[in-house]
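Some notes on the structure that comes next.
The values are calculated or read from the model by the stated rules, or taken from the named source; none is laboratory data. Just so we're clear, the structure is a prediction, and the values are computed from it rather than from any experiment. Counting neighbours? That spans all protein chains shown, and the Cβs are built from the backbone with ideal geometry, glycine included. The accessibility values were calculated without ligands, DNA or RNA, using every heavy atom of the protein model including side chains. Shrake-Rupley method; radii C 1.70, N 1.55, O 1.52, S 1.80 Å.
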Amino acid sequence: EPEVTQTPSHQVTQMGQEVILRCVPISNHLYFYWYRQILGQKVEFLVSFYNNEISEKSEIFDDQFSVERPDGSNFTLKIRSTKLEDSAMYFCASKGGASYEQYFGPGTRLTVT
Amino acid sequence: AQSVAQPEDQVNVAEGNPLTVKCTYSVSGNPYLFWYVQYPNRGLQFLLKYITGDNLVKGSYGFEAEFNKSQTSFHLKKPSALVSDSALYFCAVRASLNYGGSQGNLIFGKGTKLSVKP
């Protein structure tokens, strides 16, 4: 069964450093998403991406964040200058054009020290 | 504003007993409702959804959920719990496109930890 994959599974970085989180969505899916889950809190929407552009973003997704689909298979989330409060589990998800449900990857745990 | 409430942090049941995990929602217009399960160190796994039609929807692993419009609820149920059902369960909602919804932006509840004891 096709699944969403994410790399790395765990990333440790120092405050102020740039990080790139990578995702490979399910191959025939058209809509792509990033969510995050701070430890012990709700899963929160960050951004959705369709047709090579951002279709929606939350207030969390400020200028420090960017997304890209560089090669038609990968979908990346970049945080330009990480802050301590960016420490969280980041989930990528994808959705087919005709479906309603999103399929999530296993997540990347980002730890900012 | 759209929101999802899962009033129980934890639900404990004995194996073989029926289980219910509660969810209520607030959304403009017709809701699209989802249940996801998260096992330790794993991503969110889709269980079932309600979009329209029959209020009782069936999903993976014997789970089902009942949509109740008057009570704005979408409780997850299973007739006979298994120890392997122990996990974190998330309810999520998305408004329909006609009411300001979009192709994304699932709103999640805070999650309910289900513990099934032998």
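Residues considered: A:99, A:58, A:48. Of these, the only one that is open to solvent by less than 20 Å² (accessible area, probe 1.4 Å) and at pLDDT below 95 is A:48. Restricted to the stretch B:5-118, the set of strands (runs of 3 or more DSSP E) holding at least 3 residues that are open to solvent by less than 20 Å² (accessible area, probe 1.4 Å) comprises B:31-38, B:44-50, B:73-78, B:87-95, B:112-117. When residue A:59 is tested against (1) farther than 22 Å from residue A:11 by Cβ; (2) within 11 Å of chain B (Cβ to nearest Cβ), only condition (2) is not met.
Within the stretch A:74-113, the residues that satisfy the criterion of being within 15 Å of the chain's Cα centre (by Cα), assigned to a loop (DSSP other than H, G, I, E, B), under 30 Å from residue B:50 (Cβ atoms) and among the small types (Gly, Ala, Ser) are A:105, A:107.
Here residue A:88 clears all of (1) within 12 Å of another protein chain (Cβ to nearest Cβ); (2) closer than 21 Å to residue B:90 by Cα; (3) in contact (Cβ under 8 Å) with a residue 40 or more places away in the chain except the condition numbered (1).
Scanning the stretch B:27-82 for residues that are touching a residue at least 60 places away in the same chain (Cβ under 8 Å) and farther than 18 Å from residue A:102 by Cα turns up B:27, B:28, B:29, B:30, B:78, B:79, B:80, B:81, B:82.
Here the condition is being of a type in the set (Ser, Thr, Tyr), open to solvent by less than 30 Å² (accessible area, probe 1.4 Å) and more than 9 Å from chain B (Cβ to nearest Cβ); of A:76, A:113, it holds for A:76 alone. Filtered by the rule that a residue be among the aliphatic types (A, V, I, L, M), open to solvent by less than 50 Å² (accessible area, probe 1.4 Å) and assigned to a loop (DSSP other than H, G, I, E, B), the stretch A:1-45 gives A:4, A:26, A:38.
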